[in-house]
2 protein chains.
Amino acid sequence: MAAAIHFYFDFASPYGYFASTRIDELAAKYGRDVEWHPILLGVVFKTTGGMPLPMIPMKGEYSVRDFERSARFHGIAYKLPQAFPLPTQSAARAMLWVKDKYGDERAIEFAKAVFKAYFVDDVNIGDPVHIAKIASGMGLDSSRMAEGINSAQVKDQLRAEMDLAMARGVFGSPYVIVDNEGFWGFDRFDQVDAMLKNGKI
Amino acid sequence: MAAAIHFYFDFASPYGYFASTRIDELAAKYGRDVEWHPILLGVVFKTTGGMPLPMIPMKGEYSVRDFERSARFHGIAYKLPQAFPLPTQSAARAMLWVKDKYGDERAIEFAKAVFKAYFVDDVNIGDPVHIAKIASGMGLDSSRMAEGINSAQVKDQLRAEMDLAMARGVFGSPYVIVDNEGFWGFDRFDQVDAMLKNGKI
């Protein structure tokens with residue numbers, strides 16, 4: 001089987017959410033696995049000088065409209081959360097904790113549940129209590145999740161993931177890497193498809 | 001005939017150039033005319049805090065690769081110009097001058113020739129001498145173009161166009177407005193198509 005593709009996303013990124021609903025299916029079409037990597041755009045922005053979309057004059061208002069239209073255009077359930085954007089450290093660390101404890105498959109399932117909670121059911125995923133509930137809802141033992149989220153080990157792991165992501169050129173969400181070729185944005189999935197199909201772009 | 005659609009672009013924007021090769025054809029499919037509006041991203045950036053893509057850490061390098069890949073993906077002739085980006089005041093004013101003197105159709109033809117000169121033939125379109133040559137090549141009398149470009153009338157006209165564009169929410173290139181619905185980016189042309197087809201999005 002060819003190498004896995006890398007999928008980077010921030011849990012508060014609508015385009016990252018849209019991508020999360022399609023990436024596994026797209027990769028499977030070409031016999032590829034997907035490695036899911038939660039990142040923190042706030043950390044990236046320190047290097048790029050970027051800002052959360054809603055804070056940018058003109059582009060901010062436009063983006064809110066574009067989120068909604070793009071979701072409808074692609075047939076993806078979506079509602080702008082009341083708390084938007086919000087810090088995603090806890091959600092990202094929780095995913096790494098689930099991965100360490102239960103493995104990749106359940107971690108991806110957890111990530112999908114977090115995205116759905118935030119962008120469909122308007123759950124405040126900045127709150128570790130709500131994150132633990134999402135885990136419990138999946139049948140995971142979340143009684144020690146809060147402790148895990150705050151452990152030095154998980155914090156270091158996320159920091160290392162961030163360093164690696166940025167060394168690989170990841171500066172936005174979603175960001176997909178196929179055989180060293182990076183693609184930024186859900187609107188590049190047609191090119192990701194072509195790259196997977198032809199082995200080049 | 002339904003209302004014309006508005007096409008905003010900066011002459012130094014690769015995505016604006018890509019859009020310029022497709023916008024007329026797309027509009028014609030739905031019986032629409034296109035009004036072409038040259039804008040200056042430098043002016044917009046004063047409001048949005050934006051920067052030319054190549055100057056942004058990480059995103060800059062990525063963009064250069066994305067220009068190239070996107071051109072190939074869509075089958076558009078393209079080469080990164082040696083002087084990139086560059087100021088486009090002269091090109092934008094020249095287009096308005098052509099429009100005043102020769103009408104919309106020739107102005108659009110001129111805009112296409114300027115884009116091709118810059119993004120295919122690596123002509124420095126920041127230089128009014130080269131811009132005049134492009135006009136001459138089309139059979140226009142460019143002997144008074146330099147004077148036109150520097151006239152208070154044309155300068156005021158570009159300023160008024162910019163004010164109107166920003167009042168309409170234009171903050172990037174390309175930016176297309178269909179019946180008050182704005183779309184930013186060549187990668188939204190699939191949604192522009194749907195909007196033209198269905199009258200909503």
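Being within 14 Å of another protein chain (Cβ to nearest Cβ) and under 27 Å from A:A194 (Cβ atoms), is that true of even one residue in segment A:10-17?
Step one: list which residues in segment A:10-17 are within 14 Å of another protein chain (Cβ to nearest Cβ), which gives A:15.
Within this subset, residues satisfying the condition of being under 27 Å from A:A194 (Cβ atoms) are A:15.
Scanning segment A:10-17 turns up at least one residue that is within 14 Å of another protein chain (Cβ to nearest Cβ) and under 27 Å from A:A194 (Cβ atoms).
Of the residues making up segment B:164-176, those that are open to solvent by 40 Å² or more (accessible area, probe 1.4 Å) and farther than 14 Å from B:T48 by Cα are B:L164, B:R168.
Output yes when any residue across segment B:118-128 is closer than 20 Å to B:A3 by Cβ and buried (at least 18 other Cβ atoms within 10 Å of the Cβ), and no when none is. Give the derivation first.
The first filter runs over segment B:118-128 and keeps only residues closer than 20 Å to B:A3 by Cβ, leaving none.
Within segment B:118-128, not a single residue is closer than 20 Å to B:A3 by Cβ and buried (at least 18 other Cβ atoms within 10 Å of the Cβ).
Scanning segment B:28-55 for residues that are of a type outside the set (V, I, T), out of contact with any Leu (no Cβ under 7 Å at 6 or more places or on another chain) and within 17 Å of B:D193 (Cα to Cα) gives B:A28, B:K29, B:G31, B:D33, B:E35.
Where helices (runs of 4 or more DSSP H) sit wholly within segment B:19-98, those with at least 3 residues that are over 22 Å from A:M51 (Cα atoms) and free of Cβ contacts under 8 Å to residues at least 24 places away in the same chain occupy B:59-74. Going residue by residue through segment A:23-40, is there one that turns out to be within 14 Å of chain B (Cβ to nearest Cβ) and either loosely packed, with under 15 Cβ neighbours inside 10 Å or not hydroxyl-bearing (S, T, Y) (or both)? Scanning segment A:23-40, I find at least one residue that is within 14 Å of chain B (Cβ to nearest Cβ) and either loosely packed, with under 15 Cβ neighbours inside 10 Å or not hydroxyl-bearing (S, T, Y) (or both), so the answer is yes. Please work out if B:V98 is within 14 Å of another protein chain (Cβ to nearest Cβ), under 17 Å from the mean Cα position of the chain (by Cα) and surrounded by 18 or more Cβ atoms within 10 Å (Cβ to Cβ). For B:V98, the condition - within 14 Å of another protein chain (Cβ to nearest Cβ), under 17 Å from the mean Cα position of the chain (by Cα) and surrounded by 18 or more Cβ atoms within 10 Å (Cβ to Cβ) - is not met. Within this structure, B:T88 fails the test of being out of contact with any strand residue (DSSP E or B) (no Cβ under 6 Å at 6 or more places or on another chain), modelled with pLDDT under 95, of a type outside the set (G, A, S) and open to solvent by less than 30 Å² (accessible area, probe 1.4 Å). Among the residues of segment B:42-49, is any open to solvent by 60 Å² or more (accessible area, probe 1.4 Å) and either modelled with pLDDT of 95 or more or under 30 Å from B:E105 (Cβ atoms) (or both)? Within segment B:42-49 (the criterion being open to solvent by 60 Å² or more (accessible area, probe 1.4 Å) and either modelled with pLDDT of 95 or more or under 30 Å from B:E105 (Cβ atoms) (or both)), the answer is no, since none of the residues qualifies.
Counting only helices (runs of 4 or more DSSP H) that sit wholly inside segment B:112-188, those with at least 2 residues that are in contact (Cβ under 8 Å) with a residue 40 or more places away in the chain and within 14 Å of another protein chain (Cβ to nearest Cβ) are B:152-167.
Every residue in segment B:9-55 that is within 17 Å of A:P57 (Cβ to Cβ) and either touching a helix residue (DSSP H, G or I) at 6+ places or on another chain (Cβ under 9 Å) or among the aliphatic types (A, V, I, L, M) (or both), please. Let's see the steps before the verdict.
Pass one, segment B:9-55, residues within 17 Å of A:P57 (Cβ to Cβ): B:39-51.
Matches in segment B:9-55: B:I39, B:L40, B:L41, B:G42, B:V43, B:V44, B:T47, B:T48, B:G50, B:M51.
Quick one: is B:I108 within 12 Å of another protein chain (Cβ to nearest Cβ), open to solvent by 10 Å² or more (accessible area, probe 1.4 Å) and either in contact with a Phe, Trp or Tyr (Cβ under 6 Å, 6 or more places away or on another chain) or without any contact (Cβ under 8 Å) to a residue 24 or more places away in the chain (or both)?
Values: within 12 Å of another protein chain (Cβ to nearest Cβ): no; open to solvent by 10 Å² or more (accessible area, probe 1.4 Å): yes; either in contact with a Phe, Trp or Tyr (Cβ under 6 Å, 6 or more places away or on another chain) or without any contact (Cβ under 8 Å) to a residue 24 or more places away in the chain (or both): yes.
Against the criterion (within 12 Å of another protein chain (Cβ to nearest Cβ), open to solvent by 10 Å² or more (accessible area, probe 1.4 Å) and either in contact with a Phe, Trp or Tyr (Cβ under 6 Å, 6 or more places away or on another chain) or without any contact (Cβ under 8 Å) to a residue 24 or more places away in the chain (or both)), B:I108 does not qualify.
The residues of segment A:190-199 that are more than 10 Å from every other protein chain (Cβ to nearest Cβ), at negative phi and open to solvent by 20 Å² or more (accessible area, probe 1.4 Å), listed by number, are A:D193, A:K197, A:N198. Listed conditions (1) hydrophobic (A, V, I, L, M, F, W, C); (2) in contact with a Pro (Cβ under 8 Å, 6 or more places away or on another chain); (3) buried (at least 21 other Cβ atoms within 10 Å of the Cβ) are all met by A:F115, apart from (2). Criterion applied to B:F67, B:F11 was being modelled with pLDDT of 95 or more and touching a strand residue (DSSP E or B) at 6+ places or on another chain (Cβ under 9 Å), and the one residue passing it is B:F11.
The values are calculated or read from the model by the stated rules, or taken from the named source; none is laboratory data. Note that the structure is a prediction, hence the values are computed from the model and not measured. A quick note on method: Cβ atoms are made from the backbone with ideal geometry, for glycine too, and the neighbour counts reach across all protein chains shown. With ligands, DNA and RNA removed, areas are computed over all heavy atoms of the protein, side chains included. Shrake-Rupley method; radii C 1.70, N 1.55, O 1.52, S 1.80 Å.
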